[in-house]
Amino acid sequence: MTCCVCGVKAFKASAEKSFFRFPIDEVLRERWRSSLTEPGAVPIEVKHSTRICSDHFDAEHLHEINGHLKLREDADVVPH
């Protein structure tokens, strides 16, 4: 897996770093894309395989389950 923002690669998720797909919900997906696109830059092309690593989320939006970082499902989380 490769993060679409910073390019970091990993072969599997861990308690130190996890990778997340973009949301299915179109409104939230667009909020993610907008938050990661620099002014004047071409927006990220989001495919099914596009991933973003846990480094781009605040710690309070993550929790560990069975040795893997997960996004809190109750949060309206947007990466940075």
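The values are calculated or read from the model by the stated rules, or taken from the named source; none is laboratory data. Everything numeric here is computed off the predicted structure, so don't read it as measured data. We place every Cβ from the backbone using ideal geometry, glycine too, and count neighbours over all the protein chains shown. Heads up: the accessible areas ignore ligands, DNA and RNA and are worked out on the full protein's heavy atoms, side chains in. Shrake-Rupley method; radii C 1.70, N 1.55, O 1.52, S 1.80 Å.
Residues whose amide H comes within less than 5 Å of that of residue 8, counting only those at least five positions distant or on another chain, are 3 (H built at 1.01 Å from N in the peptide plane).
Contour minus end-to-end for residue 70 and residue 11, with contour as 0.36 nm per residue of separation and end-to-end as the Cα-Cα distance?
Numbers: separation 59, 0.36 × 59 = 21.24 nm, distance 1.66 nm.
Contour length minus Cα-Cα distance gives 19.6 nm.
The simple spin-label model puts a point 7 Å past each Cα toward its Cβ; for residue 28 and residue 62 those points are separated by 1.8 nm. When a 1.4 Å probe is rolled over the protein heavy atoms, the share of accessible surface on region 20-80 that falls to carbon and sulfur comes to 50 percent. Accessible surface for residue 16 stands near 140 Å², nearest 10, in the context of the full protein assembly shown (1.4 Å probe).
Ligands, DNA and RNA are left out, and with a 1.4 angstrom probe the accessible area of the chain is 68 Å² per residue.
Gain on full extension, evaluated as 0.36 nm per residue between residue 55 and residue 38 minus their Cα-Cα distance, stands at 4.4 nm.
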